[in-house]
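The values are calculated or read from the model by the stated rules, or taken from the named source; none is laboratory data. Since we're looking at a predicted model, the values are computed, not measured. Here the Cβ is made from the backbone with ideal geometry for all residues, glycine too, and neighbour counts use every protein chain on show.
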Amino acid sequence: MKIANKKVTAERLVKDALAKAKHFAEYNIFTYLNEEEALKKARKIDARIARGEDVGKLAGVPYALKDNFLSPEGETTASAHILQGFVSPVTATSVAKLEAEGAIMIGRTNMDAFAHGSSTENSYFGPTLNAHDKERVAGGSSGGSAVAVALDIVEFATGTDTGGSIRQPASFNGVYGFKPTYGCISRYGVVAMASSTDCIGFFAKTPEDMDLLMSIASGQDSKDMTTLPDYYNDEVSTELNSSRARVGIIKDFDNESVDPEIREALKTKCDALKSKGHEIVELEMPALKYALAAYYIIVPAEVASNLSRYDGVRYGFRSEKSDDLDALYFNTRSEGFMPENKRRIMIGNFVLSSGFYDAYFLKAAKARTLIVKEYEKAFKKCDYLLTPVSPNPAFKLGEKVNDPVAMYLEDVMSVSLNLAGVPGLAIPAGKTKKGLPIGLQLVGPRRSDKNLIIFSKELI
Ligand code: GLN
């Protein structure tokens, strides 16, 4: 990573990052600043460098941690009221790997509570502001992480992507955001949203930095049975990247519901790819039209199950009003969850209930299989797909927060990747006339993560 080569001390880097974090306080990026610990670690690394020790690939690099990654540094709250006061006794595998390479967490970043949302407005701490326009949303759910990188406070930040939560805020703020293949990075120690689609990933400023982070974080973990063997660091064929690639564009996405400036940005990038000798292939992927509906059945079902553990006994906040156990559960959950969390718990329990299970959950599971097959078919005709991340650039604060369906429609182009488990990289692709960043996503087959990141350099 370029920062690791800078001729400065780790202490200086950490002090600068903390000063910037404070300078941009009005953006509401951080839920916690890790000042004392971060400075202590920086001084330790400087001392080790002075002794000539090997300090790791990310030595002294300040980073920001999405508030749903467990570590004993600061409270892990997932920006939810119900987790206020919770200090984790364990550290997420991904965090442990970054820290083992010398990375230094300077703060935890704001997010939609429990990662439910597309704007970071569902946070208990209030919204994060967009890095390019303070009247607009940061995107979500990893809004704080995206803005921390976009405003150059840190070199990279962690994120989670269950249905677009890395790619959409990356595109709203003009940085790279990567959702790997499902199972590439361990989910151990990350607050679960929907376990069958949750992915850990990063925000970074260049494909090179993204590659380095992926090479560190990926790999099998005995604490997460869904992790894959470490294919990311296996020898990969770069033949595909140097020669002519076939890049698919999805015709079904080219319609009036997509902002004309975003459609234009996609065309411009396709022309640039053609002039570099790559081939553009037009595809139809009709099964993707079921993705949003299937996602908003499968994910709430898993959310309802994963959130059942927050009972006021084991973690964080406990309602004071209760004098028996049932009331304790009831009041803690009523007071502790945000409205969007409750909406999902209710939808999830409804679609799983007997009598409705076949009509909703089972049907959605079948649609998911169709989507998986649609991607398999597409990747027989092309090596990568290039699509918008979302139908519009960053919208105004408050514009969609009271209209759940409008908010869910934000995810229409991102969720199918999560249902299929395929990787997607959000790439900065210019700005609108109003100066708002535009993002495109490069999508590849499962386990193509490394090639995908390397190929994205063709789009710079
Ligand atoms: N916006 C999507 C949702 O609200 C995605 C969330 C996520 O990826 N964590 O479900």
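The set of residues in segment 272-318 that are closer than 22 Å to residue 377 by Cα and out of contact with any strand residue (DSSP E or B) (no Cβ under 9 Å at 6 or more places or on another chain) comprises 286, 287, 289, 290, 291, 292, 293, 294, 295. One residue is enough: does segment 410-425 have a residue meeting the conditions touching a residue at least 24 places away in the same chain (Cβ under 8 Å) and out of contact with any helix residue (DSSP H, G or I) (no Cβ under 9 Å at 6 or more places or on another chain)? No - not one qualifying residue is present in segment 410-425. Of all the residues in segment 40-64, those that are of a type outside the set (Lys, Arg), part of a loop (DSSP other than H, G, I, E, B), in contact (Cβ under 8 Å) with a residue 12 or more places away in the chain and surrounded by fewer than 19 Cβ atoms within 10 Å (Cβ to Cβ) number 1.
The set of residues from segment 189-223 being of a type in the set (A, V, I, L, M, F, W, C) and part of a loop (DSSP other than H, G, I, E, B) comprises 191, 192, 193, 194.
With respect to the stated conditions, residue 111 is aliphatic (A, V, I, L, M) and either under 13 Å from the mean Cα position of the chain (by Cα) or in a loop (DSSP other than H, G, I, E, B) (or both). Every listed requirement among (1) free of Cβ contacts under 8 Å to residues at least 60 places away in the same chain; (2) under 30 Å from residue 88 (Cα atoms) is met by residue 358 save one, (2). Taken over segment 164-186, the criterion of being farther than 24 Å from residue 153 by Cα and either surrounded by fewer than 24 Cβ atoms within 10 Å (Cβ to Cβ) or of a type in the set (Gly, Ala, Ser) (or both) is satisfied by 182, 183, 186.
Looking only at residues of segment 259-299 that are among the β-branched types (Val, Ile, Thr) and under 22 Å from the mean Cα position of the chain (by Cα), we find that the one that is farthest from the ligand (Cβ to nearest atom) is 262. So, in segment 143-174, of the ones that are assigned to a loop (DSSP other than H, G, I, E, B) and within 16 Å of the ligand (Cβ to nearest atom), which residue ends up farthest from residue 259 (Cα to Cα)? My answer is 162.
Among the criteria (1) of a type outside the set (S, T, N, Q); (2) in contact with an Asp or Glu (Cβ under 8 Å, 6 or more places away or on another chain); (3) part of a loop (DSSP other than H, G, I, E, B), the one residue 32 does not fulfil is (3).
Does segment 313-335 hold any residues that are in a helix (DSSP H, G or I), hydroxyl-bearing (Ser, Thr, Tyr) and touching a residue at least 40 places away in the same chain (Cβ under 8 Å), and which are they? Passing the criteria: only 332. In summary, residue 140 fulfils each of the numbered conditions (1) within 13 Å of the ligand (Cβ to nearest atom); (2) part of a loop (DSSP other than H, G, I, E, B); (3) touching a residue at least 40 places away in the same chain (Cβ under 8 Å); (4) not hydroxyl-bearing (Ser, Thr, Tyr) with the single exception of condition (3). Filtering 274, 269, 289 for residues that are among the charged types (D, E, K, R), modelled with pLDDT of 95 or more and out of contact with any helix residue (DSSP H, G or I) (no Cβ under 9 Å at 6 or more places or on another chain) leaves a single hit, 274. The set of residues from segment 300-314 being over 24 Å from residue 360 (Cα atoms) and surrounded by 20 or more Cβ atoms within 10 Å (Cβ to Cβ) comprises 310, 312.
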